[in-house]
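Please read the structure below before turning to the comments.
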Amino acid sequence: AEYSGVSDATVIRFCKRLGFVGFYQMKLQLSHDFGMRKRPDGSGGTGTATDVLYGISQAIGGLSQTLDADLIMKCVDAINRSEIVYVVGSGHSRVLANDIVFRLSRFGLRTMGGSYTEMDIEAVTRGTDKDALICVSHSGETKRTIQALNIASIRGMATIAITDSLKNPLAQSADLA
């Protein structure tokens with residue numbers, strides 16, 4: 001929607017018109033279809049483990065071109081300065097939130113979250129200006145995740161958004177996105 005200059009609803013209607021349940025299903029089908037195409041080295045995409053690994057390596061290569069190293073270091077600094085790092089994600093994003101909690105805990109950081117969004121929001125209400133909040137939302141429009149970010153901002157916490165676009169409400173409201 002962002003790239004074509006139309007609303008999210010228009011994109012969803014377009015996907016439905018093509019016979020998909022919604023954008024996510026169309027995206028999965030396109031991903032599958034592209035995975036079946038030939039790779040630059042001339043070998044075919046047959047869905048084998050090699051093809052899957054090739055696709056993952058291409059995705060990682062693409063990330064390296066879009067990530068901003070200075071922004072990542074600001075996020076690292078905000079996390080390291082925090083007494084407690086709260087992590088909130090809802091739906092499918094909760095899986096990533098859980099992984100973030102696990103990995104930060106392994107680094108010895110005090111973390112909370114990654115469980116039920118309502119419980120995570122309740123925990124954020126006890127946060128202070130010495131803490132940080134990481135919000136995970138692919139769409140950046142999940143109401144409960146935005147609610148957690150708003151509470152964290154009021155509490156004076158550093159806020160970090162992990163999302164798909166810098167133009168969605170979550171990214172626009174976070175200190176770092």
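Worth pointing out:
- Test: residue in the stretch 127-145 that is among the aliphatic types (A, V, I, L, M) and touching a residue at least 60 places away in the same chain (Cβ under 8 Å): no
- Under the condition of being touching a helix residue (DSSP H, G or I) at 6+ places or on another chain (Cβ under 7 Å) and either open to solvent by 60 Å² or more (accessible area, probe 1.4 Å) or acidic (Asp, Glu) (or both), the residues counted in the stretch 3-19 number 2.
- Taken over the stretch 152-166, the criterion of being modelled with pLDDT under 95 and in contact with a Cys (Cβ under 9 Å, 6 or more places away or on another chain) is satisfied by 162, 163.
- Scope the stretch 145-171; condition over 26 Å from residue 6 (Cβ atoms) and basic (Lys, Arg); matching residues: 155
- Residue count, the stretch 112-151 (criterion: open to solvent by less than 60 Å² (accessible area, probe 1.4 Å) and more than 20 Å from residue 177 (Cβ to Cβ)): 4
- Residue 149 meets the conditions (1) modelled with pLDDT under 95; (2) under 17 Å from the mean Cα position of the chain (by Cα); (3) in a helix (DSSP H, G or I) in every case but one. The failed one is (1).
- Contact annotation: residue pairs with Cβ atoms under 6 Å, 6 or more positions apart or on different chains, pairing a residue in the stretch 107-124 that is within 16 Å of residue 136 (Cα to Cα) with a partner that is surrounded by fewer than 16 Cβ atoms within 10 Å (Cβ to Cβ) and polar (S, T, N, Q), are 111/105.
- Every test in (1) under 14 Å from the mean Cα position of the chain (by Cα); (2) at negative phi; (3) touching a residue at least 24 places away in the same chain (Cβ under 8 Å) is passed by residue 95 save one, and that test is (3).
The values are calculated or read from the model by the stated rules, or taken from the named source; none is laboratory data. Since the structure is predicted, the reported quantities are computational estimates derived from the model, not experimental observations. Cβ atoms come from the backbone with ideal geometry, glycine included; neighbour counts cover every protein chain shown. Note: areas computed on protein heavy atoms with side chains; ligands, DNA, RNA excluded. Shrake-Rupley method; radii C 1.70, N 1.55, O 1.52, S 1.80 Å.
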